[in-house]
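Below is one structure, written out as structure tokens; comments come after it.
The values are calculated or read from the model by the stated rules, or taken from the named source; none is laboratory data. Note that this is a predicted model, so its numbers are computed, not measured. No Cβ is skipped: glycine too gets one built from the backbone with ideal geometry, and neighbour counts run over all protein chains shown. Heavy atoms of the whole protein, side chains included, go into the accessibility calculation; ligands, DNA and RNA do not. Shrake-Rupley method; radii C 1.70, N 1.55, O 1.52, S 1.80 Å.
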Amino acid sequence: MDERAGISRRRLLAGGIVAAPTLALLHETLPHQGLHHALGGEATSEAAAATAAHTSHGSTHGGHAQFATGRQVDHRANGFHPTEILRDFDRGRTTRLASGRVLREWELVALDKEIEVAPGVHYPAWTYNGRVPGPSLRCEQGERLRIRFVNASEHPHTIHFHGIHPAFMDGMPGIGEERGGGVIERGQSFTYEFEAEPFGLHLYHCHVSPLASHISRGLYGAFIVDPKQGRPEADELVMVMNGFDTNFDGVNEVYAVNTVGFHHIADPVRVKRGELVRIFLVNILEFDPLNSFHVHANFFHYFPTGTSLEPIEFTDTVIQGQGQRGILELRFPYPGRYMFHAHVSEFAELGWTGFFEVS
Ligand SMILES: [Cu+2]
């Protein structure tokens, strides 16, 4: 058994390298009662107490709490920061076509890159533009979109966009090769071009087989098409629910929103009391059929796929299958710290847990 295989999901759940420091951190940031409630079980609570016994309390420097191991994710080495990804929308570069219509252009480069997905847990990712998730591409309904894709990875890839477009622009192996599309081999490039339709929250990802491997390596991102009339002013956040199979056994060891497990425990998502918050929620998790989002002590309106301006549900929990996405809108009426997490408890304990800090 190699060392990587030793980083197993079971060991992590039992309080291994990822869970233990985080549980200790939770113990620092929450009253014990809150911790118990948050983690919901005697076993985890005891594990946390045991770990916390070996931890010095109050060790917060520059707004970043220290993990028990003394480690935290090196965001600079990763080249991206999950907190910045929340509000980082890539609107590309726009020009006017002769018809007067907007042409919006981006360049996406596939790059192989090792990233740290939880403190001390490294993963050989495949990325668009060096980050996971890739850039959150944002445009307006009816625009002409042009995306130049350069494959600088060691493997063949594509970009498959969700939305409405001609077959040869679909980023599908075997379709459009005669026009330079289909699979884009290493060192090659291709330009996807289509209309921004329909408005809503979509996604893009690689579509080369084995599909689960190409997607789970990190080749995905949010693709937002705004309606012509816009949406009400809001504090907008992108949350891409993902996971990492760090020992390649077909089971995820780390779960997160925007890649880094447990990140928003130490660095809560800061929002303002009473202000409209809009969350673009995408589930790109592989190997698990369902994921979910639950927020404590607050309710949100839910717009599935964001393709209607009328919500269908007022709830505190939503379930998404693989590739599903939706828009959440809520206002926090009270200040304080509110947990959000996958209501699949096992995912929550393996990283998919965070806090909103309402001020
Ligand atoms: Cu690929």
Out of the residues in the stretch 176-190 that are assigned to a strand (DSSP E or B) and open to solvent by less than 50 Å² (accessible area, probe 1.4 Å), state the one that is farthest from the ligand (Cβ to nearest atom). PHE190
Within the group PRO173, PRO166, which residue is within 12 Å of the ligand (Cβ to nearest atom) and either open to solvent by 10 Å² or more (accessible area, probe 1.4 Å) or touching a residue at least 40 places away in the same chain (Cβ under 8 Å) (or both)? PRO173
Heads up, the strands (runs of 3 or more DSSP E) in the stretch 196-282 (entirely inside) with at least 1 residues that are within 16 Å of the ligand (Cβ to nearest atom) are 200-205, 220-226, 235-244
Do the conditions hold for GLY306, that is, is it open to solvent by less than 10 Å² (accessible area, probe 1.4 Å) and either more than 21 Å from VAL260 (Cβ to Cβ) or part of a strand (DSSP E or B) (or both)? yes
Top-ranked residue of the stretch 139-163 - restricted to ones that are open to solvent by less than 10 Å² (accessible area, probe 1.4 Å) and not hydroxyl-bearing (Ser, Thr, Tyr), ranked as farthest from the ligand (Cβ to nearest atom): CYS139
Matching residues in the stretch 99-114 (within 16 Å of the ligand (Cβ to nearest atom) and either closer than 8 Å to GLY218 by Cβ or among the aliphatic types (A, V, I, L, M) (or both)) number 4
List the pairs whose first member sits in the stretch 201-221 and is in contact (Cβ under 8 Å) with a residue 60 or more places away in the chain, whose second member is more than 7 Å from the ligand (Cβ to nearest atom) and among the acidic types (Asp, Glu), and whose Cβ atoms are under 7 Å apart, counting only residues at least 6 apart or on separate chains? ALA212/GLU286; ILE215/GLU286; SER216/ASP245; SER216/GLU286
